[in-house]
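Report on the following structure.
FYI, it's all coordinate maths here, none of it is from the lab. Just so it is clear, the structure is predicted and the values come from calculations on it, not from any experiment. Neighbour counts run over all protein chains shown; Cβ positions are idealised from the backbone, glycine included.
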Amino acid sequence: MYRSILVFTGLLLCYNTSHAQRHKITYEFPPEMSEPIRVEYLKQWEKGKVLYELNCAQCHNTGTGRKAVVPDFTPEQLKGYELRVSNPKHESDIPETRVTTEELGLIMTFLYYKKKNK
């Protein structure tokens, strides 16, 4: 493990230069998923994560100290159109004009493959 230290206008900044340690893996793709498919799913997962944070986190995340916890949803809870209409609050708060069907699919990809809470 290598560490870099920067001194900038009196501030001491320390960061890890190891890529794996800077970017904690928070997803779980099936081991049999081929590398090209994994790369594409990771792109979708990252977009879904951002969309989730913007549109869903404020209502669904719980807190443990200073850490926000994204809930684990079952595959049954993550079924396309049913996700939007199964909760009346979703229909009014996240209509298709705010979160498109494609964006909802990306959010579901994020939630489906995110690492499960312990």
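Would you please put 62-72, 107-117, 39-49 in order of how densely packed they are, using the mean number of other Cβ atoms within 10 angstrom per residue and starting with the highest?
Averaged packing, sorted descending, gives the order 107-117, 39-49, 62-72.
List the residues of region 89-118 whose backbone N lies under 14 Å from a point placed 7 Å from the Cα of GLU32 along the Cα-to-Cβ direction.
Answer for this model: none.
Residues with beta-carbon under 13 Å from that of GLN44, excluding GLN44: net charge, scoring Lys, Arg +1 and Asp, Glu -1?
Net of charged neighbours comes to +1.
Kirkwood hydrodynamic radius, region 43-118, all distinct C-alpha pairs: what's the number in Å? If you can, show how the numbers build up before the last one.
Details: mean 1/r = 0.0785 Å⁻¹.
Every distinct Cα pair counted, the radius reaches 12.7 Å.
Between THR64, TYR113, LEU83, whose Cα lies farthest towards the positive end of the dipole of region 27-113 when Lys and Arg beta carbons carry +1 and Asp and Glu beta carbons carry -1, centred on the Cα centre?
THR64
Note down the net charge around ILE107, summing +1 for each Lys or Arg and -1 for each Asp or Glu among other residues with Cβ under 11 Å from its Cβ.
+1
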